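I have placed the structure first, in the form of structure tokens, so that the comments after it can refer back to it.
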Amino acid sequence: MAKTIHVDVVSAEEHVYTGQAEFVALPGDQGELGILPGHTPLITKIRPGAVRIQNDGKEELIFVAGGILEVQPRAVTVLADTAIRGKDLDEARAEEARRKAEEALANRAANIDYARAQAELLEAIAQLSAIRKLRGKR
């Protein structure tokens, strides 16, 4: 039997995932992180992107829109701003959000919050990337 680590992915709205994993990968603030059982304790910010949870030859993909990661030797906790299971991602909605954010950034005459528009654009792009990863796995 392979060594595993307990994983919880939680958003403000719901508990999205709980279970065991042999390996977890996610977008850390400073780059992609890979976590195995017995990992050194760590707390870091995470960027929008896909959390990949591998166990028994299967992979679960969860999109997160940023948040905090806590790693302990026997547990991984992802506290996400928003978390959506891969199967629940809506490509049309993500594409529309990307288009609107790009339009807002292109419209220099508009009175908009550029930092917020950039954050929305990055989130939409990360969500579309997660959808493409999920489709590639099927």
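Among the criteria (1) within 21 Å of ILE125 (Cα to Cα); (2) more than 11 Å from the chain's Cα centre (by Cα); (3) not assigned by TED's automatic domain parsing to the domain that holds ALA117; (4) not basic (Lys, Arg), the one GLY66 does not fulfil is (2).
The residues on offer are THR44, THR40, and the sole one that is β-branched (Val, Ile, Thr), under 21 Å from ILE5 (Cα atoms), modelled with pLDDT of 90 or more and in a loop (DSSP other than H, G, I, E, B) is THR40. For GLY49, the conditions (1) small (Gly, Ala, Ser); (2) on the phi > 0 side of the Ramachandran plot; (3) out of contact with any Phe, Trp or Tyr (no Cβ under 9 Å at 6 or more places or on another chain) are fulfilled apart from (3). Meeting the requirement of 2 or more residues that are out of contact with any Gly (no Cβ under 9 Å at 6 or more places or on another chain) and not basic (Lys, Arg), the strands (runs of 3 or more DSSP E) wholly within region 55-132 are 58-72, 75-80.
The values are calculated or read from the model by the stated rules, or taken from the named source; none is laboratory data. These figures come from a predicted structure and were not determined experimentally. Cβ sites come from the backbone with ideal geometry, for glycine too, and all protein chains shown count toward neighbours.
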